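The values are calculated or read from the model by the stated rules, or taken from the named source; none is laboratory data. Remember, it's a predicted structure, so these values are computed and weren't measured experimentally. Cβ placement follows ideal geometry from the backbone for every residue including glycine, while neighbour counts extend to all protein chains displayed.
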Amino acid sequence: MRRIDVLGIGLGVFLAGGLVYLGFQGAGLDSITAGIWSQVLLVGGLVGWLLSYLFRAVNGDMTYHQQVEDYKTAVLQKRLEELTPEELAKIQAEIEAENEAEKLKAQD
């Protein structure tokens, strides 16, 4: 996110708070009550955003994590494409041997 985006979002939240305040005043609330309720809504929105951010960060559902996973997949795909058929067959045989060993171990 660029700095101008952050400034725009900050200005948008500031203006939204002012509009909510004016809306509450237009609905008949006095200025103190309108100010309190507009702050309640803005703080509630901030807490909701923060909780969603923390949830995404803990679950690894962030853009950075996805980019790292995509990069790792691309690197592995590139390495796989560079293998000769003999090397590929050898790796496949090793994987099958490991799978058989896991099956035997699971049966015990």
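Data table
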{"item": "Residue check, Tyr21 in a helix (DSSP H, G or I), without any contact (Cβ under 8 Å) to a residue 12 or more places away in the chain and under 30 Å from Met1 (Cβ atoms)", "result": "no"}
{"item": "Test: residue in region 61-80 that is within 29 Å of Phe14 (Cα to Cα) and among the hydrophobic types (A, V, I, L, M, F, W, C)", "result": "yes"}
{"item": "Residue in region 47-57 that is of a type in the set (Gly, Ala, Ser) and within 22 Å of Val13 (Cα to Cα) present", "result": "yes"}
{"item": "Answer from Leu42, Leu76, Leu51, Leu46 - the residue that is at pLDDT 90 or above and touching a helix residue (DSSP H, G or I) at 6+ places or on another chain (Cβ under 7 Å)", "result": "Leu42"}
{"item": "Any hit, region 50-66, residues being polar (S, T, N, Q), within 35 Å of the chain's Cα centre (by Cα) and under 30 Å from Phe24 (Cβ atoms)", "result": "yes"}
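Matching residues to (1) over 34 Å from the mean Cα position of the chain (by Cα); (2) more than 30 Å from Thr63 (Cβ to Cβ); (3) in contact (Cβ under 8 Å) with a residue 24 or more places away in the chain:
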site	(1), (2), (3)
Val6	no, no, no
Leu11	no, no, no
Phe14	no, no, no
Ser31	yes, yes, no
Ile36	no, yes, no
Val43	no, no, no
